[in-house]
Structures are given as C-alpha cells and as structure tokens.
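Worksheet: the structure to be examined is printed underneath.
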Amino acid sequence: MKQFDVIVIGGGLLGCFAARNLCRWKLHIALIEAREDVCTGISRANTAVIYPGYDHRPGSLKAKLTLRANARFGTLCEELDVPFSRCGSLMLSFGEKADEVLKKKYENGRMMGVPGLRLLSGREARELEPGLAPGVRSALYAPTAGTVNPWELGIAAAENAAANGAELFLNTRVLAIRQIADGYRIETDQEVFACRVVINCAGLQAERVQEFLLPSPVHIVPDGADYLILDKAAEHKPTHIVQYEPEDGGKGLTAVPTVEGSLLLGPSERENEIPFAVSEKGLAFVRERTESVLPDLDLGEVIRSFAAVRPNPQKGDGRSIVSFVIENPGPGFWSLIGIKTPGMTCADELGFYIAEKAAACLGAEGNEAFCPIRKGIRKARNMSPEQRGAAVRENPDYGEIICCCEDVTRAEVLEAIRRGAATLDGIKRRTGAGMGRCQGSRCQQKLLALLAQELGIPEDAVTKDGAGSELLGGGRHED
Ligand SMILES: Cc1cc2nc3c(=O)[nH]c(=O)nc-3n(C[C@H](O)[C@H](O)[C@H](O)COP(=O)(O)OP(=O)(O)OC[C@H]3O[C@@H](n4cnc5c(N)ncnc54)[C@H](O)[C@@H]3O)c2cc1C
C-alpha cells in the first residue's frame, strides 16, 4: 500500500494547482489521474479567459479569489513560463436592456475594486475595436481581462508540482474510498493508497468520487458547448476579448484573440444534452452570433470546431449553484464539486485555499525549499534568427521542422515526449504541433513515428488521445 500525507484525485486544472500549492508545505503528496495525461477533461476545452471579476457577488469566495487571481496572473504565468496576454475585454450592448445590465456590472465591479473599468459609448468602443458591428450602443471595458491557453497552464502546474516532489500517478482510476483509523484508504485500478487528507478534484466525476464516502448534496449535470477557431491569418480579428450581452438575456458570444494568434469563438449552450460531439445547431448559433457582432470576420477562415463539457452543479431541487462548491464530507476530505467559470482564472488561488486547509489539518510546516519556477519547452517559433542558429548548433534537432504550420521542430516534439506526452494530443498540447491551418494532416505521420520510436511501441499502438473520449472522465470531442 502506498502511503501519502495528501492525495489529490484528478489532474485537471484544479488538481494540478492543488498539488502545486500543497508543495508549499512539507508534505508527501500524490496526484492521481485516471487518464494518460493531465488536463484532458473539462480543463482541456474552455473559453480561455482570465476574468477581471466584475460579475460576482461582492464578498463571495468567487469574487475574492477572482480579483486576487487576476491581479497575480501575470506573475503566475512568469513563474510557470506560460504565455499570457492581458488584452482587455469589451462587453457590448446593442439595446436598452443590455445597457442597464452593463451599468449594473460596472457599478458592481467598481464597488469590488476591479481596476480600470470604464463604460464606453458605441463610438468609443468602435474606436478601440474597429471591426465591431455599427449597432453597438455601449460597452463595458475591462483592461485587466486576459487570455491564456488552459492546457499549457495545467501542464505547467503539474510539472512544477512534480519538480517540487509531488508524485504523479497517471492511468490510475480511483474506484473506492474508505475511511480508516488515521485517514483514508483509496483503491484504484492499479494499486491501493492510504493518506490522511483527500482532495477531490475529479471534475465531472467529483460527485461520484465523493459518493465513495458519503452521498453528495450537489449533483453535477453535464452540459455541452460548441466553439469555432479562426486561423491566425484571418483578417479583421479583434485585439480585445469581445463579449456580447444579448438584449433578450440569452446566451451571448465571446471572441478571444488567443495567445497562439488564432481567434476562439463561442460557446454555445446545450442544456442537459449528452455532450459527446459538436452539434450543428450549436455551431450555427456561434456563427450567427459572430456575424451580428463582428460582421467583417470571414468565417471561411474557420480551421476547427470543438465541443466542451460544462459541469452544471445543482442542488437536490434542480436549482443551479452559482458559487464555488467546496464540500467537506469527512475529516480531512475536501471536494471541489462542479467548479465552473472562472475556475481556470482561480485555479491557483483555489489550490492555495485548499492546500492551506490541508496543511492546517495536518499541522504541516512550511516548505522553504518550494520553488515556484518552471521552464517550458523552448519554442523555435519564439526565437530570433540568432537564437535559432545557436539552438541548432547546440541541438541539431532544432533544425528539423516537423509541423510547418506552427513551426514546431523535432527537438520540441522529443522534449514533449520526454516530459510525458504519450499521444498525438499530448504532443499537440505541449508544442502546438497539429494546431495550425492543416490541422495535422502534414505532420501526423511524423509525430506517430516519433512517438512509436520514443515509447518503444508499434505505430499502430499510438493513439490520438489515449483512452479515448469518455463523457464522465471529461474529454474534448472534435469534428
Ligand atoms: C465551456 C467552459 C468554458 C469555460 N471557460 C472558462 C474561462 O474562460 N475562464 C475560466 O476561468 N474558467 C473557465 N471555465 C472553467 C474551467 O475550465 C474549469 O473550472 C476547470 O477547467 C475545471 O477543472 P477541473 O480540474 O475541476 O476538472 P477536469 O479538468 O475535468 O479534471 C478532472 C480530472 O479528474 C479525473 N478523474 C475523474 N474521475 C477520476 C477518478 N475516479 N480517478 C482519478 N481521476 C479521475 C479526470 O480524468 C480529469 O482529468 C470554463 C468551463 C467550461 C466547461
């Protein structure tokens, strides 16, 4: 039986950041993940926004953590060597009712101390973002909003946790949990673990994992969401995050100029529908909303669509829960159940919040040796010609391009595999190979060969995304 002080179940954004923050104390930590890689569940597909925090109830945990997280996000991304763009956001109104909603959000944000908020006229908004539809009446400008790539963030947190001593168990699914005299016994499909503290970050399965111990008062209903991605070369892309507050109070649109240079459009909302795949209806909705808000965009430049899955936490009576839900079903057992937006923005803060509770419960001492710094894979596309020349002299694999759309070299792919990529998606998420205009049609065969060679397996045993997509283990389903 493997013995730890703390076991974190689930290697999504929340689990990876819980593990990272637990390392700030002298603790023996394990992170257990059912899939072959971290961040393959909810955390894999989201809107990629780092929220400014004007939307939440003042004084709530969500409001406090979002404000703190937003202020610290630049520092966090420097520590973890993850690209972050503080591009600001514009929330648009096209009618009187939405004007009122924006005013309320503005007042709420000011009361909470969200920095730099401004209410703009339609003309001022179009000066900032010339591609906006002429009907814009007003806009709420939030300069502190930003964007980050969710999986780069999660992978970086997991690597930093591992470098600080947390042990990562992949392909290990928790099957049962039992309270024992001095903590918990956790049975998995690999081996048995014991620990004094459990942190349940199992995403869509957090309710099920908690029910290994006690019935959960919170139920997770998975909903679907669809997105489109426009190629980096597309013209008239906005430079700010553009959000649309519809006059009828329904679902709006978010357009995000991503850190990779593409434009993310979405999400649609599909209630109570099994989110196995993108829906034509959802994609049509995203297109229609985009045309009404950003009419100059050429939607012929779409290079990809994908579906995400939302955990919709509900009370027994079916009402949705807006606040962050942290259950404490047993001594030293915490469940982060159905953490929705802005869960990515707050992942590090939530991780610290829960790690502090775990450390207090165990009477753990601070770990002065904790190092928050992690270095990412050196990307050839970010190098100057001189740096690139030096990189090739040092390692000739930097001279061989594998993915020409995203300018990814053999050196980066090999480094991704060394760091744990075991599937085509694992490489894509670490290097960007296959994310460009041709969507991997030119590099996939080379990636397969490299994976097979490095992992010592036949090429036909290499998979796109490991165990395959499964609803309750999370997953992103692309067309
Ligand atoms: C559509 C959408 C858009 C969003 N947009 C934003 C945004 O723009 N900004 C923002 O701040 N937030 C956003 N969020 C919220 C954010 O993405 C989530 O809060 C965050 O990703 C939740 O991650 P998680 O770790 O809880 O879950 P997951 O990423 O799903 O991780 C849970 C992990 O647990 C593992 N697991 C499950 N069961 C077991 C088991 N029995 N044993 C071992 N492992 C197990 C799973 O395999 C999975 O990897 C969005 C969310 C959605 C759905």
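The values are calculated or read from the model by the stated rules, or taken from the named source; none is laboratory data. In this text the structure is predicted, and so the values were computed from the model without any measurement. Here the Cβ is made from the backbone with ideal geometry for all residues, glycine too, and neighbour counts use every protein chain on show. Calculation scope for accessible area: heavy atoms of the full protein, side chains included, ligands and nucleic acids excluded. Shrake-Rupley method; radii C 1.70, N 1.55, O 1.52, S 1.80 Å.
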Tell me which residues, restricted to the range 49-66, are under 18 Å from the mean Cα position of the chain (by Cα) and not β-branched (V, I, T). Y51, P52, G53, K62, L65
If N312 satisfies all but one of (1) within 11 Å of the ligand (Cβ to nearest atom); (2) within 17 Å of G10 (Cα to Cα), what's the number of the condition it fails? (2)
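Can you name the residue in the range 325-348 that is in contact with a Lys or Arg (Cβ under 8 Å, 6 or more places away or on another chain) and open to solvent by 20 Å² or more (accessible area, probe 1.4 Å) and is also farthest from G131 (Cα to Cα) among such residues?
Going through the qualifying residues, I end up with W334.
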Considering the range 185-211, residues that are basic (K, R) and part of a strand (DSSP E or B), and then whichever is least open to solvent (accessible area, probe 1.4 Å), we arrive at R185
Considering residues of the range 1-19 that are more than 6 Å from the ligand (Cβ to nearest atom) and open to solvent by less than 20 Å² (accessible area, probe 1.4 Å) only, the residue nearest to N164 (Cα to Cα): A19
Within the range 20-48, the count of residues that are more than 6 Å from the ligand (Cβ to nearest atom), hydrophobic (A, V, I, L, M, F, W, C) and either over 16 Å from the mean Cα position of the chain (by Cα) or assigned to a helix (DSSP H, G or I) (or both) comes to 7
Subset of the range 305-324, residues buried (at least 18 other Cβ atoms within 10 Å of the Cβ) and either basic (K, R) or closer than 30 Å to A234 by Cα (or both), comes to S305, F306, A307, A308, V309, R310
Tally up the residues in the range 47-61 that are open to solvent by less than 40 Å² (accessible area, probe 1.4 Å), at pLDDT below 95 and in contact with a helix residue (DSSP H, G or I) (Cβ under 7 Å, 6 or more places away or on another chain), please. 1
Meets criteria (over 16 Å from A158 (Cβ atoms) and assigned by TED's automatic domain parsing to the domain that holds K26) for E356: yes
